[in-house]
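Worksheet for the structure shown next.
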Amino acid sequence: MKPGLAICRWTRRAVGATAVVLSLLLLVLSLIGWNRSGHVGDVLTFQYGPEGGEFPWRGIGLAHAGGDGHLYYIRQNRPLAKERWSYHAIPANIPIHQNVAGKIHGPGGYGWQHWEYRAGVMARVVDGIIVPYWLLSIVFALVPAWWLKRWRRRRREAQRERKGLCPLCGYDLRASPERCPECGATAEAQT
Ligand SMILES: [Zn+2]
């Protein structure tokens, strides 16, 4: 094998392994969050500023309740809170997409949220995304599921090869090791 090919294969494996580990981690986090959002509604906001412009105070927030996750960005004309990090609890029995302010653009009440609020000296703009935890869990399960499927296929192929069977179709190759008479796989393609 050429060294370039080996490096290419190694890089592909490293990227694949990273994707699997990262997806598994995100899957576990979304399952934990899903479970917790049914018992406790959490709202955590990180504030920064003042920046320039009409809304010098900015914040990035994460919230969940009732099986929904919510990621949002707030711009405000005055500080959001006293501290850089702020937390408060919300009802866990109401899904966020049924309880959130502003308009949500997307199917089933999920998707992009946009909210502009002005009252007296107060002005605020919120942009966010609201996603159900079940959808996040499916998305994060895809890569590990694909990896598991491939691992099982490779294990089956290795077992067949040890027994002298065609790794692709399982036909007995002891009489014809060069080429499978059943599916046409050659010895080169099999290894
Ligand atoms: Zn075969």
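FYI, it's all coordinate maths here, none of it is from the lab. Values in this document were obtained by computation on a predicted structure and should not be read as measured data. No Cβ is skipped: glycine too gets one built from the backbone with ideal geometry, and neighbour counts run over all protein chains shown.
Under the Kirkwood approximation for Rh and a Cα-based Rg, what ratio Rg/Rh is obtained for the stretch 37-135?
Working: Rg = 13.6 Å, Rh = 13.9 Å.
Across the stretch 37-135, the Cα-based Rg/Rh ratio is 0.98.
Figure legend: label point modelled 7 angstrom from the Cα of Arg36 along Cα→Cβ; residues of the stretch 43-59 with amide N under 15 Å from it are 43-46. A simple spin-label model places pseudo-atoms 7 Å from Cα toward Cβ; at Arg156 and Arg78 they are separated by 6.6 nm.
Amide H to amide H, with H built 1.01 Å from N, Ile90 comes under 5 Å of Gly41, Asp42, Val43, counting only residues 5 or more places away or on other chains. Extension gain, Asn93 to Leu135, is 13.2 nm, computed as 0.36 nm per intervening residue step minus the present C-alpha separation. You can think of it this way: the chain between Glu178 and Leu62 has 35.8 nm of extra reach, that is 0.36 nm per residue less the Cα-Cα gap. When both the stretch 35-57 and the stretch 63-128 are represented by their alpha-carbon centers, they are found 8 Å apart.
Between His114 and Val20, the contour length at 0.36 nm per residue exceeds the Cα-Cα span by 30.5 nm. For the stretch 37-135, relative contact order (Cα pairs under 8 Å, six or more residues apart, normalised by length) works out to 28 percent. With the simple spin-label model, which puts each label point 7 Å out from Cα in the Cβ direction, the Thr11 to Phe46 separation comes to 3.1 nm.
Across the chain, Cα pairs under 8 Å and at least six residues apart give a relative contact order of 17 percent.
Applying a DSSP loop filter and a limit of 12 other Cβ atoms within 10 Å to the GluC sites (Glu not before Pro) in the stretch 128-191 leaves Glu178.
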